[in-house]
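These notes are about the structure you will find just below.
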Amino acid sequence: SGDAKQTTRGIAVALAALSAGVIVGPVMSDVINKYYGAEAVFRAMAGVGAALVAYCVLLLPESLPPSEKRPVTLRALNPTRGFEALRTSWLLRLLGAVTFCSNVSESAILVLMMPFLKERFGFSPAQLSTFMILIGVVMVLSQGVLLPLLLRCMRETTLLRLALVANFVHVTAYGIMQAGWVVFAMTPISALTFLAYPIVSVLVAEVTSEHDQAAAQGTMAGLRALTQALSPAAFGLLLNVTVKSTTLPERWHGVAFFLGSLFVLMAIAATRNLDDALDAARMGKMVLSTPQKPSRSRAQGGAKRRSGAAKSE
């Protein structure tokens, strides 16, 4: 439908813009630091943040009409409340498992590749910068261009499984590689690995009711943020122990990536019943446990029906 295509396009553009920020941010920071000093970097970022707040307040439209908004309560501010949707929906549990397990390895790679390439293969700062810029460009093109094109000719679940298989190959190759050039050779495959989370976002938008879409998307984003916080620390400790070990042979220095590949296999296993769950959800928009606030027109219609019933009695 037109709404589904518009949602897919919007998600792709938003995630591509996020990836572009990954490229532009460090480059801008290096330039400002070089010519104006480190303090100027923080001043510039504060200015960007203030401009963003003004943009959101003055120009960013609301996603819901005033009649459909819910009041803010202390319970709604609970940071763990976003995960309550996982208890009420089989589909969200499956998509949550895919999001968590696949992002464990993705977060670890994005953070740990720099020290790994430096310690294992002696990459210079220039080589590391080139690699990071290349990864950023691939992320932008993958999510902003490749995703909408592939969704025109493939089912979302098929493309999701393809992205997860590519992720498994990608992570495993990093674990067994014996030369630094392999990371550049794996760039085409990495373009597919960055599609998993956008596809999950598309599926959530497709099967969730408009009123509950923010809660469902927030659940997936929360799981992803959890992996971004925990995965680098856990895998970084393992990588530090193995790379600097004097007793382990070199072929075992990438054991942290093998652990990441196991998480990707669990994500692939979670897609086994995904088609059945999606078919069940598509029969009617999935509604979470939070009751919806009726719109003014619906409330007036209900009042008229009750008044008519009273008169007939």
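The values are calculated or read from the model by the stated rules, or taken from the named source; none is laboratory data. Given the structure is predicted, the values throughout are model-derived calculations rather than measurements. Cβ atoms come from the backbone with ideal geometry, glycine included; neighbour counts cover every protein chain shown. Accessible surface areas use protein heavy atoms only, side chains included; no ligands, DNA or RNA. Shrake-Rupley method; radii C 1.70, N 1.55, O 1.52, S 1.80 Å.
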State whether one or more residues within region 71-81 are modelled with pLDDT of 80 or more, within 24 Å of the chain's Cα centre (by Cα) and assigned to a helix (DSSP H, G or I).
no
For region 96-113, which positions are within 17 Å of Arg161 (Cβ to Cβ), modelled with pLDDT under 85 and under 12 Å from the mean Cα position of the chain (by Cα)?
Glu106
Which condition breaks for Tyr55 when tested against (1) modelled with pLDDT of 80 or more; (2) surrounded by 14 or more Cβ atoms within 10 Å (Cβ to Cβ); (3) not acidic (Asp, Glu)?
(2)
Please specify each residue of region 257-266 satisfying the condition of being farther than 13 Å from Val98 by Cα and either open to solvent by 50 Å² or more (accessible area, probe 1.4 Å) or of a type in the set (Phe, Trp, Tyr) (or both).
Phe257, Phe258, Leu259
Scanning region 183-209 for residues that are within 21 Å of Val140 (Cα to Cα), more than 16 Å from the chain's Cα centre (by Cα) and among the β-branched types (Val, Ile, Thr), the one modelled with the lowest pLDDT turns out to be Val183
Would a scan of region 138-148 turn up a residue that is buried (at least 21 other Cβ atoms within 10 Å of the Cβ) and hydroxyl-bearing (Ser, Thr, Tyr)?
yes
From the list Val165, Val182, which one is under 21 Å from Ala270 (Cα atoms) and open to solvent by 20 Å² or more (accessible area, probe 1.4 Å)?
Val165
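Could you say whether any residue in region 267-278 is at pLDDT below 85 and either touching an Asp or Glu at 6+ places or on another chain (Cβ under 7 Å) or open to solvent by 70 Å² or more (accessible area, probe 1.4 Å) (or both)?
The answer is yes; a qualifying residue exists.
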If a residue has to be open to solvent by 10 Å² or more (accessible area, probe 1.4 Å) and not aromatic (Phe, Trp, Tyr) to count, how many in region 185-200 make the cut?
7
